[in-house]
Structure formats: C-alpha cells, structure tokens
Amino acid sequence: MTGSLKPRAIGRGHSRRDGAAKVTGTAPYAYETAPESPLYCHLVQATIARGRCAEIGTTAAEALEGVRCVITPSTAERLAVTDDRELAVLQDLEVPFRGRVIAVVLANSPETARHAAELVTVRYESEPHDCLLTADHPELYEPDEVNAGFPTDTADGDLDAALSGADVVIDQTYTTAPYFNNPLEPHTTTALWDGDTLTLRESTQGVHPLRATVADLFGLPTEKVRVTCPYIGGGFGSKGTPHVNVVLATMAARAVPGTPVKLELTRQQMFTLAGYRTPTIQRARLGAERDGTLRAVGMDVVEQTSRIKEYAEQSAAPARMMYAAPNRATSHRLAALDLPVPSWMRAPGECPGMFGPEVAMDELAAVLDVDPVELRIRNEPLRDPETGNPFSSRNLVACLRQGAENFGWDGRSGARRDGRWLVGAGVASSVYPAKRMPGSRAVIRFENGRYVVEIGAADLGTGTWTVLPQIAADALDVPVASVDARIGDTLYPFATVAGGSTGTASWGSAVFAAADVFRDKYGTDPGEGDEADAETPANPDEDKYAMYGFGAQFAEARVDADTGEVRVSRLHGTFAVGRIINPVTARSQLLGGMIMGLSMALHENGVLDPRVGLTVNHDLAEYHIATNADIEDVRADWIDEHDPHLNPMESKGIGEIGIVGTAAAITNAVHAATGVRVRDLPITLDKLL
Ligand code: MOS
C-alpha cells in the first residue's frame, strides 16, 4: 500500500455532513423516533446491595390506569443464553448489586410507567455485601487476561534487583476515582415485534455487534433482527457493548406484538446500568541511573469488577511499552464486588494506566533535577520493549519537542506567582494503540449518477458520516461531492464496533478494498447499479511492527494560594497519529479527549457509600463534569507523520488518545505551581491546602 494514496479529499477540513441536522435538532436520536401509539417502559431497581427478592408485589402497579403489564422474574421470558449475567436480567431473583433491574412496567405514558414502578413493592432477603476496593482486599484474584486480550502479568529481567541497584527509586501509589459515562443522549431503545421479526432503534456504537448479541440472547436468527442508529449523542465506550435496556425493551415489546415499546434510562440509572470505569490503585515503581536512564519499570494495579461479570481494565498495559528499561514487571489484580458491572470507558487501560507512571516520571525528574521533557526523551526505546518489534512509527520525541516549543515550555523552573495565583507547567506523554479490526465489509454502488458507500458503521459524533465519503473519494479517485455514505443500519453490510479507536481504520480499509474491486470490474465509467463489495483485509505488518499513536500533553495550572482553587489556564496537546483524514473532525476529537482528561483531573469522582452500595452523587448536579467555564485555552495540533504500515489511509485512531496523559500533565503542573504532589484523583482543594 506504500505510496498508493494520492490524497485529494483525505487531509482536507470538510465540515460535518450531519452538522446542520445536528445543530438544528433534526438528526433523530434513538428515542426521538415517533412511532404510532407506543408504550413506555420504566424500570424497577433493587434497593439493597446483595441478596434476593423474596416477594415482588405488582397488584397496585397493575391496577393503575394506563398500565399494560408489569414484568418480573416470575413472568419474564427465559432467555436462550444466560452466561452474560449482566444481560441475563429478570432471569432469577438474585440481587447482585444495588440498582439491578428487578421488574419493568409497561404503560401508555412515561409518567404512568414511572408512577407504577414506584408502586411495585419488594420484600428483600439481604445478605452481607462487599463494595469497598482496597489495595489489600482479602479476595484479590488474577484474571486469565485483561481487556483487549492483554496478558494479566508480564516480567522481563529482574525488577527487584534493578530497583535495589538503582541510583534513584520512585515507589509510589496512585489512585484514580470511579468514572461514569455520561453521554448527553442516555441509553435508549425503541423495540417493535412484527410477527417473528424484531426491529430495534438503539443508541449504540455498533448496530451489527448489538444485533448479534440480541439475536443470541433471544434465540433468533440474526436476519430476523434489524437495528438502526443513524445518529448517536455520545457514547465514550458505554454504548460499545449492549446493556440491559435493549434486553428489557425487547422483552416488553414481545408482550405487545405490533406495538412499539420505548425505554430510556434516566440519568440516575446511567450510573448503575451503563458501565463505568473501575477505580484503580496503582503502585508505580521506577529505578533510574543518575543521568535519568531507566533501569526498572514496575506497575501493579488493583481494580474492581462485579461479582456477576468480569471486566478487567488493562491499566498496566501502557507501562509495558512506553519507555526503554531492561527490567520490567506489571500485574493486574481484581476484586469482584457487589457493585454494578464496569465496562469500556474513554480509552480503557491507557487512560487510567498512564496516570501513575506519568506522574512518577515527573517525580523522578524532580528528584534528579532533570527537565521532564528531557527525561522522557532519554528513555525513548528503539524498539517496542515488550515485543522487540520495531514501531511502525513512533514520534513521541517529535511531539515532546514541537509541543514544548508551541507551549513555550521552559521546564519546571517556569513556576511563578501572579497575584494570588501560583502558576506552574507540567507535561505528560500520551499513547494509544493504532489497530484495525477484521470483519467489516463495505459496498460501493453507482446510483443515480453518484457513488454510494454502504457500511453498517456508527457515527458517535466523531465524523464518520463525513470521513467515509472522503476516504471513498480518494479510493475511487473521484470528487468527494459525488460520494454519499449510508451507515447506522444493519441493512448495510457488517461493520465492527466504533470502539478502541479502530472504526475509521477498519471501515476505511474495507472501503478502499471495495473501491479496488469496483474499479477492476467497471473501470472509471460505471453504469447505473454497478456495485462491488469487499472486506477489511488482514494487515500482514501487524505481526511485524508495534503500532501506536503518541502525543505530548502540556498543561499550565493556576492555583489560588488561599483557597486552593485550581484552574487549567492552558492545555496544549501535540499528537503523532498518522495521516489526519479530516483536520476539522480530528481536532474536535482530540480536544474532546483532552477536555475529558481535564474533567478527570479536577472534577469527576463517583462517591460510593460502601454501607449501602450506592454511588451517592448519581446525577449531573453532583457528579461534576467539566463545563465550558472550566475550559480556558485548549489546543490540539499534530506533527506530519507518514506511516506506510497501517492501512490505505495511513491513519491512526484518534478517538481516545486525547484523554491519555492529560490528568498526569495537569497533576504535574499543579505540583510545579504549589510543591504539593497529588497522587489521588481528582485534585480537589482539600488536597492542596
Ligand atoms: Mo472506546 S471506550 O473503546 O468506545
């Protein structure tokens, strides 16, 4: 594929094709379909942390005018497959966490459904519960592997010997909070059974993977299920795997064949039913020579999962490949608690996993009195420390250098006082794998004198509607204005999930392959109805090269000397992420990630009351997410990177790298400003006074 791309549409800043529809409110979200006379669901959730429902009383709820039925574990249909216990809902009377759905009310209005749900009575048999993650939890266990297929533990060389022989050792424990996905559009389903056919309108990052799961659960042939989702109001990973809303709406719809059923999670329900990020307890150890050369890197992470389903976030994974050090060891240990099921969220693994190590690097730089930019450059590996493979491209050093120049970095010595504000700057590195997933298939058709690309892909608000025509235009060597895209529907060919920053690389590779077939078959002058399709090809280079995007995050923090208030006055990210397909949508994604990183550094924190198993701040009034007023000068740019090993677009995924390292850069800036080293996120006022 080297040199085959002559980008004309790729690389240009086309504005969003769905932009006008989105800002004028005419892009319909999953709940905004208006079927004739639908029925509405409301969920009843358990109010104990562990035990079982001895009795569920539905008489009062059923007697309410407008209520169609109340579905409980005794009346719910049996699912064909129950091994995913998050999704196997209403199949038994167990309460594995507070907030587990134990009944669904179906009624003729959302208000009636909600009122009736409050009339459902439950007698519980409680059991002792355990909701508290600690570093020395008595039941920590070693999962078989962690998310994305990484090994649980790794070891190279002799970490302990290298640490005891090192000139300088940093050995600190860092913690990150539980984080909750809060896309503006909550998880919603509209379900309709028509004969033996199920139609779902669902807010999802992947219509095809969702369809496969639902078909499996209900024992249906996949072709009997259609899923549509043209627009998504955010997901951040929480809509990457199906959650119980689709299962419950499908069950409820089965009770009323021919009638559409709508289910929308409330904001509060999002905190128990839509996945979240585990808190992490990270012990990061660095051993270095006096000149800053790392001899040892250790990263041991303790995390939680739920008792009913394992999700093991790969937080120690980035420490394995980030810096050169001959002696390395990493591990993950989990506690299975009586809490909701964690899941994908905003750069799983890399996001929490780059916090401890990148603050530890800053601590090492401070002890050695070395510029933290220089310390990172000194430890740049020539090959992937983990696999020994060369990097397909690795421009972290270029990001650090260009970022330092753009930011006006003058090292940690730049700390100063400006009136009541203590001002300091910090840096951290950023990384995210650049992967492509096999299996997607794209169709290209010549229709009404235009080229049409069909693929069951998703646009989370990231720009898929816009970049797929750009990619197809260059693949076909035609103007971008002559290409239309159709996505977000299982009527179109299979596409992998919009997740792991793999979407554009995977789908775009299929589009290029389909364009090749199309040109071979029809040349440059196709006729009406001419059509070709192809699948994402395997990439033989994936076994030979380590493939990652890199970045450098620079932050300036201002801390009020009296109150401890923290403002991030400047946040500049410089990234090396292959060819930028669309600078407008790319910048937006990178900035969005950085803002989420700021939010993680200063605001977001799910506060658990372990006595009752409840995240008490379960709404947007109390779970603080960065708002416009929190964001001052935030910039993202990139270096011109050419990597022939990736895919025909020569692009790397950019959906997640923006959040990685941001919280560490801010933490390091706060330290430069105040001398206070915070190792426990978020950085709240009390930690600085
Ligand atoms: Mo992303 S958290 O893999 O959707």
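The values are calculated or read from the model by the stated rules, or taken from the named source; none is laboratory data. These numbers come from a predicted model, not from an experiment. Neighbour counts run over all protein chains shown; Cβ positions are idealised from the backbone, glycine included.
Some points to look at:
- Residue within segment 15-24 that is assigned to a strand (DSSP E or B) and of a type outside the set (Phe, Trp, Tyr) present: no
- Boolean, Gly456 is under 17 Å from the mean Cα position of the chain (by Cα) and surrounded by 24 or more Cβ atoms within 10 Å (Cβ to Cβ): no
- Any helices (runs of 4 or more DSSP H) falling wholly within segment 282-396 and containing at least 2 residues that are at pLDDT 95 or above and of a type in the set (A, V, I, L, M, F, W, C): 317-321, 355-368, 372-378
- Pick from segment 632-670, criterion polar (S, T, N, Q) and away from the ligand (no atom under 16 Å from the Cβ), ranking: nearest to Ala404 (Cα to Cα): Asn668
- Residue list for segment 192-207, restricted to those being assigned to a strand (DSSP E or B) and either touching a strand residue (DSSP E or B) at 6+ places or on another chain (Cβ under 7 Å) or within 16 Å of the ligand (Cβ to nearest atom) (or both): Leu192, Leu198, Thr199, Leu200, Arg201, Glu202
- Screening Glu264, Glu303 for residues that are in contact with a strand residue (DSSP E or B) (Cβ under 9 Å, 6 or more places away or on another chain) and surrounded by fewer than 24 Cβ atoms within 10 Å (Cβ to Cβ) leaves exactly one candidate, Glu264.
- Any hit, segment 172-190, residues being more than 23 Å from the chain's Cα centre (by Cα) and either within 16 Å of the ligand (Cβ to nearest atom) or not assigned by TED's automatic domain parsing to the domain that holds Ala663 (or both): yes
- If you go through segment 306-320 and keep only what is crowded, with 22+ Cβ neighbours inside 10 Å and among the aliphatic types (A, V, I, L, M), you end up with Ala312, Ala316, Ala317, Ala319.
- Residue selected from segment 225-235 under the condition in a loop (DSSP other than H, G, I, E, B) and surrounded by fewer than 24 Cβ atoms within 10 Å (Cβ to Cβ), by the criterion farthest from the ligand (Cβ to nearest atom): Pro230
- The conditions of being assigned to a loop (DSSP other than H, G, I, E, B) and either without any contact (Cβ under 8 Å) to a residue 60 or more places away in the chain or not hydroxyl-bearing (Ser, Thr, Tyr) (or both) are met by Val256.
- Listed here are the strands (runs of 3 or more DSSP E) enclosed by segment 450-549 that have at least 1 residues being closer than 19 Å to Arg8 by Cβ and away from the ligand (no atom under 16 Å from the Cβ): 450-454, 483-486.
- Complete set of residues in segment 543-573 that are closer than 18 Å to Ile631 by Cβ and surrounded by 21 or more Cβ atoms within 10 Å (Cβ to Cβ): Gln553, Phe554, Ala555, Glu556, Ala557, Arg558, Val559, Val566, Val568, Leu571, His572, Gly573
- Filter pass, Thr26 being under 26 Å from the mean Cα position of the chain (by Cα) and exposed (fewer than 14 other Cβ atoms within 10 Å of the Cβ): no
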